[in-house]
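**Q** Mind looking over this structure? Questions follow.
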Amino acid sequence: MSDFESLVEAFGAVGGDQAILGRNDIAHLVVVGHKVLSSHSIDGLSVETQETCDGISVQVKVAERARITQPVHMCFGIVQSTGTQRIQMDVRLEKGAHAHFIAHCLFPEAKRIQHIMDAQIIVGMGAALHYEESHFHGPHGGIEVIPKAHVTVGKDGQYSSEFTLVTGLVGMLDIDYTVEAGENAVTELTTRVFGHRTDRIKIREAIILAGRNSRGLIKTRIALEHEASAEVTGITEGNAPGARGHVDCMEIVKDRAVAKAIPVVSVTSPLAKVTHEAAIGSVDKRQLETLMSHGLDSEEAVDLIVRGILK
């Protein structure tokens with residue numbers, strides 16, 4: 001089986017529609033390691049790639065006022081048990097452009113793998129980008145995932161992202177995202193991770209509300225079991241009149257897992273407002289008893305509650 005077939009098979013195994021990679025109306029990019037195996041652009045959207053000495057560079061541009069109606073699918077992964085994938089991603093949405101990107105990161109056999117992504121994203125004036133990144137890891141846990149992103153959202157722009165890693169062992173995850181929001185810009189960061197065994201999770205997400213009347217939300221949901229650990233830092237700065245921001249972190253632990261939440265809020269404008277809430281604890285006893293009264297055993301009930309939190 002070729003690398004392309006193996007990655008597509010893994011994509012299908014996690015519920016992906018394999019047929020989208022053959023549709024002319026949907027843009028896509030498939031990268032295994034540092035090699036582009038398939039790429040398709042559409043009107044209003046261009047994708048350029050270049051292999052470098054130690055990785056791959058990807059430039060994505062959405063033209064001014066272009067409306068990309070179908071999600072753009074990007075598949076990244078390594079199908080072997082060992083290897084390194086280093087991606088430099090540059091994304092630019094011109095004025096008034098709208099797009100939805102879905103990144104599928106697939107590592108079904110990972111035993112000793114590094115996945116490193118450094119992204120620069122510019123959302124132009126009045127543009128809107130929704131970015132989903134969903135990870136599928138195998139049962140071995142031998143992977144380091146190190147995504148870093150700096151996002152700039154222009155006046156009246158919108159940016160939202162969802163990072164999900166709830167299938168397979170996490171391994172080591174180290175997220176570092178910073179978003180700077182301009183005047184009237186709206187941004188939302190959502191992260192969901194389920195850690196098991198000796199998984200190590202570190203998340204740093206920051207929203208800088210630099211423009212007048214900008215809005216920002218950081219929402220983090222972490223579940224941990226066995227001896228997994230997590231440290232979550234959510235940073236929001238209100239630096240302009242009318243800016244409004246909120247940090248919302250919830251971490252559920254069981255067994256010997258360890259969780260830490262560090263909400264950081266600051267305001268430099270007297271007309272800005274930033275709030276935060278962080279909750280760390282075990283599964284709610286009343287919810288557990290209710291589910292068990294309906295015939296579930298304790299393990300089934302805990303799993304259902306955890307999965308509900310991660311939705």
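**Q** Could you pull the Rg and Dmax for the range 213-311, using just the Cα atoms, both in Å?
**A** 17.1, 54
**Q** Which one, H140, I78, I121, is farthest towards the positive end of the dipole of the range 42-156 when Lys and Arg carry +1 and Asp and Glu -1 on their Cβ?
**A** Value computed over the given set: I121.
**Q** Taking 7 Å along the Cα-to-C-beta vector as the label spot, tell me the S41-R307 distance in nanometres, rounded to one decimal.
**A** 4.2
**Q** In addition: If each of T275 and R256 carries a label point 7 Å out from its Cα toward its Cβ, how far apart are those two points in nm?
**A** Spacing of the two 7 Å Cα→Cβ label points: 3.9 nm.
**Q** While we're looking at this one, here's another question. Specify the inter-centroid distance of the range 157-226 and the range 4-51, based on alpha-carbon positions, in whole Å.
**A** 25
**Q** While we're on this one: Suppose we look only past 34 Å in the calculated P(r) of the chain. What percent of the Cα-Cα pairs does that tail hold?
**A** Summing the P(r) tail past 34 Å for the chain gives 25 percent.
**Q** Per residue, how big is the convex hull of the range 1-74 when only Cα atoms are used? Give it in Å³. The partial results should precede the final answer.
**A** Numbers: hull volume 6.7 nm³, N = 74.
Considering the Cα atoms of the range 1-74, their hull volume per residue is 91 Å³.
**Q** What is the dipole size for the chain, taken about its Cα centre, with +1 at each Lys and Arg Cβ and -1 at each Asp and Glu Cβ, in debye to the nearest 20?
**A** That gives the chain a dipole magnitude of about 700 debye.
**Q** For the chain, what does the helix formula give at 222 nm: sum of -39500 (n - 2.57) over DSSP H segments with n ≥ 4, over the residue count, nearest 500 deg cm²/dmol?
**A** Values: 3 runs with 32 residues, N = 311.
My calculation for the chain gives -3000 deg cm²/dmol from helical runs alone.
**Q** Counting only protein heavy atoms, what percent of the accessible surface of the range 144-246 is carbon or sulfur at a 1.4 Å probe?
**A** 42
**Q** On the first, second and third principal axes, largest extent first, how far apart are the outermost C-alpha atoms of the range 152-261 in Å?
**A** Extents along the principal axes, in whole Å: 45, 20, 15.
**Q** Quick one: of K35/K311; K95/K148; K155/K260; K111/K148; K61/K273, which pairs are farther than 30 Å apart, Cα to Cα? Display every interim value, and only then the final one.
**A** Numbers: K35/K311 33 Å; K95/K148 24 Å; K155/K260 35 Å; K111/K148 22 Å; K61/K273 34 Å.
Exceeds cut-off: K35/K311; K155/K260; K61/K273.
**Q** How large is the dipole of the range 21-104 about the Cα centre if only Lys and Arg carry +1 and Asp and Glu carry -1, each at its Cβ, rounded to the nearest 20 debye?
**A** Dipole about the Cα centre, nearest 20: 160 debye.
**Q** Could you derive backbone 3J(HN,Hα) for the range 84-98 from the dihedral phi with the Karplus parameters 6.51, -1.76 and 1.60 (θ = phi - 60°), listing whole Hz in sequence and x where the residue is Gly or Pro?
**A** 9, 10, 10, 10, 9, 10, 10, 10, 9, 9, 6, 3, x, 6, 10
**Q** Let me ask something else about it. For the range 90-129, report the % of Cα-Cα distances exceeding 11 Å.
**A** Counting pairs separated by more than 11 Å, the tail of P(r) holds 72 percent.
**Q** If you count only protein heavy atoms with a 1.4 Å probe, what accessible area per residue comes out for the chain, rounded to a whole Å²?
**A** 45
**Q** Seen from all sides and averaged, what is the projected area of the convex hull of the Cα atoms in the range 37-82, in nm²? Numbers along the way, then the final one.
**A** Values: hull surface 17.3 nm².
Averaged projected hull area, Cα only: 4.3 nm².
**Q** Send over the Kirkwood Rh of the range 26-143, from the inverse of the averaged 1/r over different Cα pairs, rounded to one decimal Å.
**A** 14.7
The values are calculated or read from the model by the stated rules, or taken from the named source; none is laboratory data. Bear in mind that the values here come from a model prediction, so they are computed numbers and not experimental data. When we count neighbours, we look across all protein chains shown, and the Cβ atoms used for this are built from the backbone with ideal geometry, even at glycine. For accessibility, only protein heavy atoms count, side chains too; no ligands or nucleic acids. Shrake-Rupley method; radii C 1.70, N 1.55, O 1.52, S 1.80 Å.
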